Each structure stands twice: as structure tokens, then as C-alpha cells.
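The values are calculated or read from the model by the stated rules, or taken from the named source; none is laboratory data. Predicted model, so just to flag it, every value in this text is computed and none were measured. Glycine also receives a Cβ, built like all others from the backbone with ideal geometry; neighbour counts cover every protein chain displayed.
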């Protein structure tokens, strides 16, 4: 990551929506410092201040980008307060954003963490309400143009980790909850395949008091409008409804209980 | 299209919305295989599973891109089922996506169709629920980087064509319907200018039991808040309301009858 | 700006939303004329026909882009009427769009204004309802590829300026109004810091009949769910609610009265 040729692109993830010029201002700041670098939007549709949803979306996307990518993420309800701004140098990427857990799911293999305290790499004037533009985009633009990570800030020991509920696992059951509802209405849980009792083929999934059924391979394995439990693209157990919205059909949402247990052999 | 210099950019069209990291993951997959290629969003706002709306949007945009562009389109309610994944080599562009009609309006001048069955050009692991990332984006990234279309799959004879209602045409009337409502509330019909009786200046347009009036050149030819029938930017007859939403003013929508007939010369 | 190397990128701002192929068509037209130029979305979420919101968003973002950037902006309820299409050469950027005030807030340091009347730099066929594609994107693509501004049109003397209400200022008070509500629900006023009586520390802000309080530095200076008056990132006084939507909490919106006055020293 010290080789300049390894800064192939910059990504942006924010909760700024897209009806104002705020995202555009960030792109301008990056392009001013490194005009040729491709800037890829991950999403600007995170619900305002929803750090957890932002962390999930960033983790969903970041690992697919080429090594050396600079990811800028801004879901920052504490902007202008004492929370730190960070640059995280991870195994295959740089992450720039606030120290509130937003970066922690995506930043795998952390090597160094820097607090962004060097005015030379930030905007001439720092708006206390828009660090996305004046701090994070500015640092990302400099990084893209070849600045070394160590020049942009002072090393720190750790960052805030996202707090997710921890699943409970017993011999025959695992108990978790819905931690994210995606734009298709799919219910993403905090249960990973390795959290489940084995063998998976013998298990059934319940959401609240609703029996969803066995864990299938794909939506196509159930009838239209029927719910399906499956392991989603990011490795978490999720509940979907074929050609429908699980959130509405199952009447579940963030925090709903999810239980995975051995199927009663008599039914 | 066999010249590598003819792969100038990649476009993306999906129904993934933009509140998750799914679109970002696709961009990462493409950028990992071809970091320098510009990736242009066409839209990610297609209603979930609405293959017809996706096909219209793709057809609206694709022909304007430079020759050799790789268009990736994913509106794919059948993901993970037996529906095929396709690469279509057309007159001026490549199209990558599911074989469900989504590509058929846009792919003019089809030369070859390939079923995407070569693991070497796809992701290391294929999620049964996310071919957009693991199949379509991966193939597009390889194509952008210079892979020949014939290397990515096995030739097949045909693809699924989008089923659109066929307009009825008589000597003095043409009868069609609304097949798309755009984001301005404009009612797009399945009637092309060549479907209309001539001379056009003598015609009037009715939607349901509402007389819209003659076919005008532009919105400015009618008063504010009045409906106007005109030939839209993609060549289809459409009904708009100046500075308003035709969908609401005319109380019409998908499937509404549209009749074009000679004006009664006595009125 | 006559040096070709000074055309580093193109930006797009429209009210087209993102559920159709219209924005994609514009990108295609630009890429066809200049395949390698980065195209950055500022926003496509301006409310349909809201020229003022578009002008604010463009002004929020444009100045951050590198010198020579070509900004294309299309919020154009008068498309197809006699309103002119313009190319504005300003101090550090080019602006392309309709002559309805949309460009006037952002175009600082205007050097030349050209009416777009040269078919050679426009589309082969000009749809009367889609100048965004056939006129503005086409001209922008040519500019990006090196066309001189003076070749694209005929010089004109002036352009339509956006009409904003003018704040009233007395010795001890300033009176303005809300002129924009951003996507966070923040109320942006037409009062700039230089419009306010001094010293700022002695002032209080009222919106309608609601006392907001003193002018603070950042959201973090007030309690959660409390309103805060502060000078926003673009230099205008704005009213926000910490971790909430000021629009809903204060029950104010476009046109609401905003008064800034000296605090009563006895309270």
C-alpha cells in the first residue's frame, strides 16, 4: 500500500441523500487533489445518523474493490464534537471517516490507525458541521494523489468498534436478531453460518413466533410470496420473501428475535 | 468490437436502490478487474423486479454511449433459478444480465448471444442470490479488461424477448396503452410515430375517457397544468402535463387505454 | 481555461430523479464525445422544476471542483420554449444549462456568456423535451474534448439571475426567511454572516414565533433533539435540530420568517 500505483480509486458512502450538493462538494474536493482518480459511489442513502446501517453497507461492498482503494465513509451524528476523525490502513484498503464504529466492520486486517490532526492535509477552513468535505474528502484526495498514510495523522492505538448484539448459541439452537433490513425488505440477522448448530439441513428458522422453515439455497426454492431463510451474500443468515418484502410479510424488523433450532423429527 | 480500444466504459442499471452496499460491491468487482474503466450509473431506482421498467430505462440510455460500451443490467427476480445469464454482443455494445427480457429492448443489431457458463470469468464463489456481483459484474470487468465475448460463454440461439402489448392499428385510429410511467409522471405508451394514422396534425389523443387533444411539439405548446400529447425523446407517444404530473392529473397509469383518432372536422 | 488540460471533469445536476434512463442518456452523450473524462453526479434529486433548489445545490458543490470543470445543470421547466440555452465561462469553471437562473448562484466571476445556437455542437436531432441530452450534454462533451467555449455559441450580454428575497437589516435586527430545506431537514436562510448585526455572540434567532436561541458553533453545542442556529457550510445562517429534523420540530419551511436580534440583556 506504500506504492503509489496502489491507489486505484476512491469510494464514497454517506447519509447525505442526494437532493443537495453535499456529496458533490466532497467529490469536488477529491477531484481537486487528484483529478484522474475514479470516484465510485457506494451509497448516499443510509438513514440519517444510522451508523450501523452504514457499517453494514460499507462491509458489504469494500472487500470487492481493488487493493489500495481509499474508502471515505461519513455517517457522523457527532460531527463537530470531540469524536476523532480517523484514517485506517487495513489489509487491502484505506478507510477514512469518523471514529464511531462506522469503519470497524469493513476494516479487516488493521495495520495502523491515524487520528486526522494535520491541517496541511485538510481544507483551508474546517466547517464544524461538514467534516465530510473539509476533513475526510480532503485527506482522501491527498491519499489518492500519493500522500503516505503516516503523513496525514498521528498514530493511535484503537478505534471505536461497532456494538452488535452477540448471538446465543446452545447445542441445538442459536438465537440472534434482525440487525439490518435491506432495500428489498430482506431481514439480515447477526447469525453467521458458523454460529449455527449442525447439520444445517436439520434446522428450522423462526422469526418472532413465525416459523419460516428450513434453510434453503435460493429464493427460487420456495413458492412466490413465501418466506425463505437462506445465507445471504455477506455470509449472514437472512430471511427473504420470494418476489416480496419479508419485512412486511413477516411483520418483523430491526431487533426481531430469530431462533434457529433442530427440526422436530416427528413433523 | 474485437479491438480492445473499443471498451470505453461500463454502465450499471439495477433495481437494488441505493441504501445498501450491493451496487458498490458490483463496482468493486468491475474495478478489481479493470481499475481504469469509467463506471457510469444509469439507474438503480427500477422498482424491485420490474423487468419492463428496467428494459425501458436501458433502451432509453444505451444507444447514446460510445461504441463498445459494456452495459450491465440486473433486474432479476429469478436469480438463482434455472434462468440463464447472458452476454449479448450487439451492433455497438455489449449487454450482460439475466435472460428475462431485460436486455431485449436495448440490444439492437444482435450479433451473438452467449450463455455465461465459464467459471474462470466469474467470482470465486457464486452466491445464489447475487449474480449481479458474482456473475454479471465479474464478466463485465473481464470484458472491459479485454476478454473476448466468445471466451465468456457458450453461444446460444436466442434470448427471451420482452413481451409488450401490441398496438392495434386501423385506417383512422390506433389503439395502444400506457406501458411505463416515468419519474415525472409522464405516461409513456406503446405507440410509435409510425403506428399512427396520418397526417398527424389531424389526430387527437384520448386516455381512458379523457380527451387530451392534438399532438403538440413540446410542453410549452399547452398552458400550465394542461395535458399534452407528444412524441417523447425515445420515439413513443407520451402524455405529459405542463409543470405537473400526468399520472395524477389524468388519473391514468400502467395499462390505461390510449386511442389516437382523426379529429372530428366539425369541432 | 483555454488550455485543454484544464477540462478535468464534467459534473451533472438534474431534477430527473434516478428511476429512468434519462440521466444515463446524458452520460452516454458526454462519454461518446470524450470517453475518458470523469463524469461526477452532483445530484439528480432536485424536486421537479425547482430551479431555486437546483441553484442552491449547484452553488454548494461547484466551487470545490478543479479549475476548468464543466458543470451541466438541467432543471428546466421551460424546455422547448423560447428560453435560451447557455454556456457560461466563469472564473474557474464552465456552466451549461438553461437561462432561468439555475446557473446564476454558482457562476462566480463570469467572463463570457454564450447562447447555444450552433447545431454542429449539438445532437443530430434535438428533442423539444430533452435539451439536457441533445443540447447541454452534447455541448459539455464537446467542451470536455477541447472545443473552445466561443465555438459553441454566440456571445450574449447577460443571463437570468435567480430571484431570492432580500434580507432586511436594521441596526439591531436582521430579518430574512427560509429559502431552502435540505435533505436533513435543516432550514437554510437567506441571511449571510455579513448580514447580521454584531457582535454575533449577543444575538438570538427566532423562526416564526419560536425562539431558537443564540448562534452556536456546531450541533454538538445543544442537547439532542434541541434546535441550533449556526452558520452552515455554505455561509448562510441555518437552523438545525441535533439528531433530528428542524423542519418537523420547529414546524417551519420554505418562506418561514427568520429574525435575528440582540438578546434582551435582562433575560
(request) Could you tell me which of the residues C:82, C:90, C:62, C:55 is more than 30 Å from residue C:231 (Cα to Cα) and out of contact with any helix residue (DSSP H, G or I) (no Cβ under 6 Å at 6 or more places or on another chain)? (result) C:82
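Residues in the stretch B:13-21: is at least one in a helix (DSSP H, G or I), touching a residue at least 12 places away in the same chain (Cβ under 8 Å) and surrounded by fewer than 24 Cβ atoms within 10 Å (Cβ to Cβ)?
For the stretch B:13-21, residues in a helix (DSSP H, G or I), touching a residue at least 12 places away in the same chain (Cβ under 8 Å) and surrounded by fewer than 24 Cβ atoms within 10 Å (Cβ to Cβ): absent.
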(request) Of the numbered conditions (1) within 18 Å of the chain's Cα centre (by Cα); (2) more than 19 Å from residue A:16 (Cβ to Cβ); (3) surrounded by fewer than 23 Cβ atoms within 10 Å (Cβ to Cβ), residue A:101 fails exactly one; give the number of that condition. (result) (2)
(request) Please go through the stretch C:24-38 and pick out each residue that is more than 20 Å from residue C:148 (Cα to Cα) and more than 7 Å from every other protein chain (Cβ to nearest Cβ). (result) C:26
(request) Considering only the stretch B:167-176, state which residues are touching a strand residue (DSSP E or B) at 6+ places or on another chain (Cβ under 6 Å) and either surrounded by fewer than 20 Cβ atoms within 10 Å (Cβ to Cβ) or modelled with pLDDT under 90 (or both). (result) B:167, B:168, B:172, B:173, B:175
(message) With the requirement that a residue be over 20 Å from the mean Cα position of the chain (by Cα) and buried (at least 19 other Cβ atoms within 10 Å of the Cβ), what does the stretch A:177-215 give you?
(response) A:196, A:203, A:205, A:207, A:212, A:215
(request) All but one of (1) away from chain B (no Cβ under 14 Å); (2) closer than 20 Å to residue C:184 by Cβ; (3) out of contact with any helix residue (DSSP H, G or I) (no Cβ under 6 Å at 6 or more places or on another chain) hold for residue A:99, so report the exception by its number. (result) (2)
(request) Return the only residue of C:252, C:234 being modelled with pLDDT under 85 and more than 16 Å from residue A:81 (Cβ to Cβ). (result) C:234
(request) Identify, by number, the condition in (1) farther than 25 Å from residue A:64 by Cα; (2) assigned to a loop (DSSP other than H, G, I, E, B); (3) touching a strand residue (DSSP E or B) at 6+ places or on another chain (Cβ under 6 Å) that residue B:117 doesn't meet. (result) (1)
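When you check residue C:65 against the structure, is it closer than 21 Å to residue C:232 by Cα and either at pLDDT 95 or above or in a strand (DSSP E or B) (or both), yes or no?
Yes; evaluated as a whole, the condition is true for this residue.
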(message) Among the numbered criteria (1) outside any loop (DSSP other than H, G, I, E, B); (2) within 12 Å of chain C (Cβ to nearest Cβ), which one does residue A:81 miss?
(response) (1)
(message) Return the residues of the stretch B:28-38 that are within 15 Å of residue A:64 (Cα to Cα) and not in a helix (DSSP H, G or I); say none if nothing qualifies.
(response) B:34, B:35
(message) Looking at residue B:86 and the list (1) in a strand (DSSP E or B); (2) crowded, with 24+ Cβ neighbours inside 10 Å; (3) within 11 Å of chain C (Cβ to nearest Cβ), which single condition is not satisfied?
(response) (3)
(request) Consider only pairs whose beta carbons are under 7 Å apart and that are at least six residues apart or on different chains; among these, list those whose first residue lies in the stretch C:232-259 and is farther than 11 Å from residue C:212 by Cα and away from chain A (no Cβ under 14 Å) and whose second residue is assigned to a loop (DSSP other than H, G, I, E, B) and modelled with pLDDT of 90 or more. (result) C:252/C:208; C:256/C:208; C:257/C:208
(request) Exactly one condition in (1) more than 10 Å from chain C (Cβ to nearest Cβ); (2) touching a strand residue (DSSP E or B) at 6+ places or on another chain (Cβ under 7 Å); (3) closer than 26 Å to residue B:30 by Cβ; (4) not in a helix (DSSP H, G or I) is not met by residue A:41; state its number. (result) (1)
(message) Can you pull out every residue in the stretch A:129-155 that is surrounded by fewer than 16 Cβ atoms within 10 Å (Cβ to Cβ) and outside any loop (DSSP other than H, G, I, E, B)?
(response) A:150, A:151, A:154, A:155
